[in-house]
1. With 30 Å as the limit, write out which pairs from 322/384; 117/186; 310/384; 61/132; 310/382; 146/285 have Cα-Cα distances beyond it, or answer none.
2. In Å³ and rounded to a whole number, note down the convex hull volume per residue for the Cα atoms of the range 40-195.
3. So what J values fall out for the range 289-296 if you push phi through Karplus, 6.51 cos²θ - 1.76 cosθ + 1.60 with θ = phi - 60°, rounded to Hz, Gly and Pro as x?
4. Counting only the heavy atoms of the protein chains, how much of residue 308 is accessible to a 1.4 Å probe, in Å² to the nearest 10?
5. If packing is taken as the average number of other Cβ atoms within 10 Å across a peptide's residues, how do 423-431, 78-86, 6-14 rank, most packed first?
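The values are calculated or read from the model by the stated rules, or taken from the named source; none is laboratory data. Values in this document were obtained by computation on a predicted structure and should not be read as measured data. Heads up, the Cβs are rebuilt from the backbone with ideal geometry, glycines too, and the neighbour counts pull from every protein chain shown. Areas reflect the complete protein model, heavy atoms only, side chains present, ligands, DNA and RNA absent. Shrake-Rupley method; radii C 1.70, N 1.55, O 1.52, S 1.80 Å.
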Amino acid sequence: MKKLAIVGRPNTGKSTLFNALTGTRDALVHDRPGVTRDVIEGRITGRSWTIFDTAGLERAKTGIAAQSTDMAMQALADADAILFVVDGRAGLLAEDLDWARAIRRATRAPVRLLVNKAESARRLGSIDDFYKLGFGAPFLIAAEHKQGFDAIYDFLDSVAPDAANAPDAADNRLQIAIMGQPNVGKSTLVNRILGQTRQIVQDAPGITRDTVKIPAHFYGRDVILMDTAGLRRKAGVTDDVETLSALKSLDAATRADVVILVVDATRDIENQALGIAGRVYDAGKILCVALNKWDLVPPELRDEKLLHLKHQFANSFHQIIKPMILAISAETGTGVQNMFRRIYEQWDLSNTDAPTSLINRILEKLVADRQPPMSRLKRPMKIKFARQTGRHPMRITINVGGASDIPESYTRYLRRGLATALHWEHLPVVIEYEKADNPFD
């Protein structure tokens, strides 16, 4: 698949253009310059092109801006075509000329010059000035209103005619969201899995802002990693960019197949981490709690700490029988492959259907061991048969006759018994009831 990079100085509308071309909201958009820090990857709707949104190019020598620019230039060097985006309202700036020279030195790929924010001719600067950039005629677009995109599609078709009008194929790769509070090592874990510095890592919270989707091949499988922004308590969030980042992180939990909740093993588990886990369970996703920085925990404290954490998670959520809590070190790589082996096992298990006969044999034994209580009307509750009716979460529907107001305590008993017997202890399991039809109606 061909690669297209969107580049330019900060706040020229690159992320808005990325979202418009991919038909998503994957890139965080804000009026503030420098919001994008990592390289965001997507696919252009209807074409076999992978597209990269990059951070604004800046002349910083150190810090986050320097790292972001380095990653943007690397994405540019790897691309088959470039969209160089400038701000039509601001007109030609000296920084545009500097970066045009840098782009020509960094790549031989064809470049299309896009003058963005051109919805109003009265607000535009001198268009002729942009010829000085040396990329030929400038093309006027308005990314926010999806105007002028024909110039982009014509450019792509001239570079790769066979990539035009390609159907959007279903992506069956396992999607894994990596979530957690700020500064627990999420991006370090992503870089460890990829075997390269793909995400910016610093000893400060709030470095990652976008939810970054990255294809990877790890431990024998193709997956999509979703590195998310750190989540803090609402009371601690005062910046609107952080609010948008948090919303994208929470949305990732609903779009992922599996969530790795990264926690700092050197600190106590906070209610915020339990709240994230609760959202994952409610979304019916497989959860793996990664105790990162385990190598920094004194050996004599490890057993007690692990047991305490397992009890803490197990007692907090009735939807899951046995939380999958694994110790890792993203910095050294210890335990990471084992964690993915366990995740793959649970994902494969979650895509299977349990035989109806087996479910009913298990249910029959559970009911025999502990009869359901009488209803509020003092009538016996009759549990007739059950079947699996869904996956992700694993869903069991039980047919009941007579009174059907089965208390939650008995439902938890059935959920635990069925999940244990079916080896679904690490999977979210939902029990539903349906009332048997009355043959005399």
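1. 117/186; 310/384; 310/382; 146/285
2. Dividing the Cα hull volume of the range 40-195 by its residues yields 163 Å³.
3. 8, 9, 7, 7, 6, 4, 5, 8
4. Only protein atoms counted, so the area is about 110 Å².
5. Order by mean packing, descending: 6-14, 78-86, 423-431.
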